[in-house]
Amino acid sequence: MDELATKLFDIQAVKFGSFTLKGGQVSPIYFDFRLIISYPAILEKVAGLLWKKCAYNANVDLICGVPYTALPIATLISVTNRVPMLLRRKEAKDYGTKKLIEGDFRPGMNCIIVEDVVTTGTSVLETAVELRKLGILVTHAIVLLDRRQGGKENLAKHGIELSAVFHVEEIMASLEKQSKVDHKVAEEVMDFIRGHQQSIVSRNPRLHESLEERRSSSKHPIATRLFELMMAKKSNLCVAADLTSLDEVIKLAESIGPKIVVLKIHVDILEDFSLAKMKQLRKVAKAHEFLIMEDRKFADIANTVQQQFHGGVYKISEWADLITAHPLAGPEMITHLFGDSSSDSRRTCGCVLILEMSTKNALTSQDYSKEAAKWGLIASDIVAGFVGQSPPDADFSGWIQFTPGVNSASKSGDSKGQQYCSPAEAVLERGADIIIVGRGLIKSSDVVATAENYRSEGWTALTKRITNP
Ligand code: 5IU
């Protein structure tokens, strides 16, 4: 390590003096690792040390360097260790494919990000966001130097573990030990680093991208359709029509249809269910342009779930645009939920994964929902969105977050474990794209006026979140 620190100093990849940084601060130290490419032996050493930082991680399918300095380093790691590489463009070409990530991959593959210097972690995060948009999993980044200015903590908030070959303290201690810098300079550098600990606001692109942008990155036709309905109807309202009569549900849908984008039902609480009546509800959905979500909460092995989805008396696959599923049984259940790869249902129905529940003491912990979100990314052609009370780390802007437990009149809940928040809180603080309102609406004396209030409050909050990031 001492040897590498000395070499970096000798080639002036580490400099001392007075340097104005990108953000305007004047720093007593400057790292210019671009120079490394002029010294093949140093480049080789750096690549070797970086690779050692992730060698224990057997789960590396791909690596991707942050442009530009880390690109040659990533290439060398790729060739030496036979790990395929991806290339991230800084800007999409304005001709040809417009791809931001070049290379061959499958969604669900694990990619390690390679970087030369991390300060706040922004550049690593930008690369991770682009990779995650394509369903690639990013859980680890390796860096030659961590300036310890909040990068590790900020990346951890986004589910990325940062491993560094060096920290500034180690470089300074090594150079001081070898009398390359005197004690005063070393102190000055460490004071600067400690005084400039900064934190990037945790910025989840899904929360601030326009619906149009998100529509174009969504991979599921039902999610695409829902984005279109939201924009056309200026609504992000889903009503939970928890009534026991399908005739009553149809009546409700006819009256509030223009205000909502999704009508959520529980088919197994209906006492008068028939496929003929369901056809009638579909007609109303077509006329008023909303989607029907069956909140079935599938949770069994794939073989059983397929039968529950297509068969029985309800034949859910014949009429549901969206269904909910618990990811408990693992990724295979999600991929096979609708049947084999030729099943039409893959295009006509979207799975909404339940990552978190709204109830008190729910077992959907952060770890659980984080893992489950990754499985959702693997099955990105099946999953249209998720049910959650907060944005997950492995978020993807093409996914739609549905948040139940919304009720403007009650703050406390329903005395049976349900917890409520207002539409504005659901959208602005919890990350909801769609608010799910049940008893707050269906029990009101004027359902149309109440639907309009929820529509207006939910839509205003969503517009505010997008326009004021
Ligand atoms: N629902 C929840 N919480 C959850 C999930 C689903 O409330 O975590 I997953 C359903 C249950 C009910 C509706 O159909 O959303 C909420 O109804 P109320 O707004 O009446 O509480």
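The values are calculated or read from the model by the stated rules, or taken from the named source; none is laboratory data. Since we're looking at a predicted model, the values are computed, not measured. Cβ atoms come from the backbone with ideal geometry, glycine included; neighbour counts cover every protein chain shown. Only protein heavy atoms, including side chains, enter the accessible area calculation; ligands, DNA and RNA are left aside. Shrake-Rupley method; radii C 1.70, N 1.55, O 1.52, S 1.80 Å.
Take the Cα coordinates of the range 262-384, assign each an equal point scatterer, and use the Debye formula without solvent to give log10 I(q)/I(0) at q = 0.14, 0.17, 0.20 Å⁻¹.
Normalising to I(0) and taking log10 leaves -0.61, -0.88, -1.15.
Using modelled amide H (1.01 Å from N, peptide plane; none on Pro or chain starts), what sits under 5 Å from the amide H of Q401, excluding residues fewer than 5 places away?
Placed amide hydrogens put F386, D433, I434 under 5 Å from Q401.
If you line up the long axis of helix 447-467 against the longest principal axis of the chain, both from Cα atoms, how many degrees apart are they, to the nearest 10?
Roughly 10 degrees between the two axes.
From largest accessible area down, sort T6, T463; use a 1.4 Å probe on the protein chains. Intermediate results must be reported in sequence, preceding the final value.
Values: T6 20, T463 60 Å².
Result, largest first: T463, T6.
HN-Hα J couplings of the range 41-49 from phi, Karplus 6.51/-1.76/1.60, θ = phi - 60°, integer Hz, Gly and Pro as x?
Per residue, the Karplus-derived 3J(HN,Hα) values read 5, 5, 4, 5, 5, 4, 4, x, 5 Hz.
Mind checking which lysines have their C-alpha under 17 Å from K177, skipping anything on the same chain fewer than 8 residues away?
K7, K15
Average the reciprocal distances over every distinct pair of alpha-carbons in the range 390-469, invert the result, and give the Kirkwood radius in Å. Kindly include the intermediate steps, with their values, before the conclusion.
Values: mean 1/r = 0.0759 Å⁻¹.
About 13.2 Å, per the Kirkwood formula over Cα pairs.
For the full complex of protein chains and a 1.4 angstrom probe, list M230, M85 by accessible area with the highest value first.
M85, M230
Determine the dipole magnitude for the chain: charges of +1 sit on the beta-carbon of Lys and Arg, -1 on that of Asp and Glu, nothing else is charged, the reference point is the Cα centre, and the result goes in debye to the nearest 20. If you can, show how the numbers build up before the last one.
Working: 57 positive and 57 negative charges, 147 e Å.
Dipole about the Cα centre, nearest 20: 700 debye.
What per residue convex hull volume, in Å³, do the alpha-carbon atoms of the range 354-393 yield?
Numbers: hull volume 2.4 nm³, N = 40.
For the range 354-393, the hull spanned by Cα atoms encloses 60 Å³ per residue.
Let me check something: with ligands and nucleic acids excluded, how do M172, M1, M357, M109 order by accessible area (1.4 Å probe), largest to smallest? Working shown, then result.
Values: M172 5, M1 115, M357 80, M109 35 Å².
Reading off the accessible areas and sorting them downward yields M1, M357, M109, M172.
Checking the cross-link filter: which lysines have an alpha carbon closer than 23 Å to that of K286, excluding same-chain neighbours under 8 positions apart?
K219, K233, K234, K251, K259, K264, K277, K315
Taking amide H positions as placed 1.01 Å from N in the peptide plane, with prolines and chain starts having none, which residues 5 or more places from M109, or on another chain, fall under 5 Å of its amide H?
Residues meeting the amide H criterion: L137.
Over the range 205-467, with a single point scatterer placed on each C-alpha, what log10 of the ratio I(q)/I(0) does the Debye formula yield at q = 0.10, 0.11, 0.13 1/Å?
The Cα Debye sum returns log10 ratios of -0.44, -0.54, -0.78.
Using the Cα centre of the range 2-195 as origin and beta-carbon charges of +1 (Lys, Arg) and -1 (Asp, Glu), tell me which of A13, M172, T80 is placed farthest towards the positive end of the dipole.
Farthest towards the positive pole: T80.
Got a number for the accessible area of L35? Probe 1.4 Å, square angstrom, nearest 10.
50
With a 1.4 Å probe and all protein chains kept in place, how much accessible area does E161 have, in Å² rounded to the nearest 10?
100
Per residue, what volume in Å³ does the convex hull of the Cα atoms of the range 32-84 enclose? Write out the running numbers ahead of the final one.
Details: hull volume 3.9 nm³, N = 53.
It is 73 Å³ per residue.
Compute the angle between helix 275-288 and the longest alpha-carbon principal axis of the chain, please, reported from 0 to 90 degrees and rounded to the nearest 10.
60
Reachable aspartates and glutamates from K52, Cα under 20 Å, same-chain residues fewer than 8 places away excluded?
Hits, sequence-local ones excluded: D2, E3, E44, D61, E115, D116, D146, E161, E170.
Give me the distance between the Cα centres of the range 139-173 and the range 310-343, rounded to whole Å.
If you average the Cα positions of each part, the centres end up 42 Å apart.
Quick one: which residues, 5+ away or cross-chain, put their amide H under 5 Å from the amide H of D32? H built at 1.01 Å from N.
Placed amide hydrogens put V14, K15 under 5 Å from D32.
With Rg and the Kirkwood Rh both taken from Cα atoms, where does Rg over Rh land for the range 2-195? List each step's numbers first, then the result.
Details: Rg = 17.1 Å, Rh = 17.4 Å.
Over the Cα atoms of the range 2-195, Rg/Rh equals 0.98.
Percentage of Cα-Cα pair distances in the chain greater than 30 Å, rounded to whole percent? Let's see the in-between values first.
Values: 56971 of 109746 pairs.
Cα-Cα pairs in the chain separated by more than 30 Å: 52 percent.
Hey, got the dipole for the range 239-322? About the Cα centre, +1 on K and R Cβ, -1 on D and E Cβ, debye to the nearest 20?
Numbers: 11 positive and 13 negative charges, 59 e Å.
Once rounded to the nearest 20, the dipole reads 280 debye.
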